[in-house]
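First comes the structure, then the notes that go with it.
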Amino acid sequence: MPHPTNDDENFDRQDSIDKLLQDTFRNVADDLRHEGVREGLSEDVKRFFKLVEEGKQELYPGCKSFSKLNFTIRLHLFKWIHKLSNVAFSNLLDLIKEAFPFAQILESFYKEKKDDTAKLDKCSVCGSSRWKNVRDDLTNMVTKIPAKVSRYFPLKPRLQRIFMCSETSVAMRWHDTK
């Protein structure tokens, strides 16, 4: 059997990224065939189309071996395999940006994972305050305590994601198939 060429490897790699996206967003993957029907779509569908478009975007002008999405996924895989800390990974990103200033890659691992809503005083959806003002009777000072602590772990979306992948869904039904 002949050794695959670099183009074959790139095609297989891109094909596996497309397959990963379709497994992740299985419920919207069929809408990809109907590109004219993109008005009034849900947020999941919009996220899927955004990832597909980024998957087709070149990492830098003239780059045929990596798309922006493919390179980002490979960088995260590299971080995970080699057990790099966030600081080491951010330094690696800085080195890559210094060597290839025209490449469109992540700013830093910290900035990508950072939650921008942590410092907000009001809910971005409903506008209610995050804090209750409680007056201490002894010191007569007002302190802010959280208005509510959310401990909701939605089960339905998690199960839907688990059952989207064909291999996982077979493993989840082992008790019923015996």
Residue in segment 82-93 that is in contact with a Leu (Cβ under 7 Å, 6 or more places away or on another chain), modelled with pLDDT under 80 and either of a type outside the set (Val, Ile, Thr) or outside the structural domain of residue 58 (by TED's automatic domain parsing) (or both) present: no
Cβ pairs under 7 Å, 6+ apart, first in segment 58-71 and closer than 17 Å to residue 16 by Cβ, second buried (at least 20 other Cβ atoms within 10 Å of the Cβ) and aliphatic (A, V, I, L, M): 66/59; 67/59; 68/59; 71/59
Looking at segment 128-178, which of its residues are surrounded by 10 or more Cβ atoms within 10 Å (Cβ to Cβ), of a type in the set (D, E, K, R) and in a loop (DSSP other than H, G, I, E, B)? 130, 173
Identify, by number, the condition in (1) within 26 Å of residue 49 (Cβ to Cβ); (2) out of contact with any Gly (no Cβ under 8 Å at 6 or more places or on another chain); (3) of a type in the set (Ser, Thr, Tyr) that residue 85 doesn't meet. (1)
Being of a type in the set (Lys, Arg), closer than 28 Å to residue 157 by Cα, surrounded by 10 or more Cβ atoms within 10 Å (Cβ to Cβ) and at pLDDT below 80 narrows it down to one residue among 68, 79; which is it? 68
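Scan segment 108-125 and tell me whether some residue there is more than 30 Å from residue 74 (Cβ to Cβ), at pLDDT 80 or above and outside any strand (DSSP E or B).
Within segment 108-125, the subset more than 30 Å from residue 74 (Cβ to Cβ) is 119-125.
Keeping just the survivors that are at pLDDT 80 or above gives 121-122.
From what is left, the residues that are outside any strand (DSSP E or B) are 121.
Within segment 108-125, one or more residues are more than 30 Å from residue 74 (Cβ to Cβ), at pLDDT 80 or above and outside any strand (DSSP E or B).
The values are calculated or read from the model by the stated rules, or taken from the named source; none is laboratory data. Please read all numbers here as calculations on a predicted model, not as lab measurements. Cβ coordinates were reconstructed from backbone atoms using ideal geometry, including for glycine residues, and neighbour counts include every protein chain displayed.
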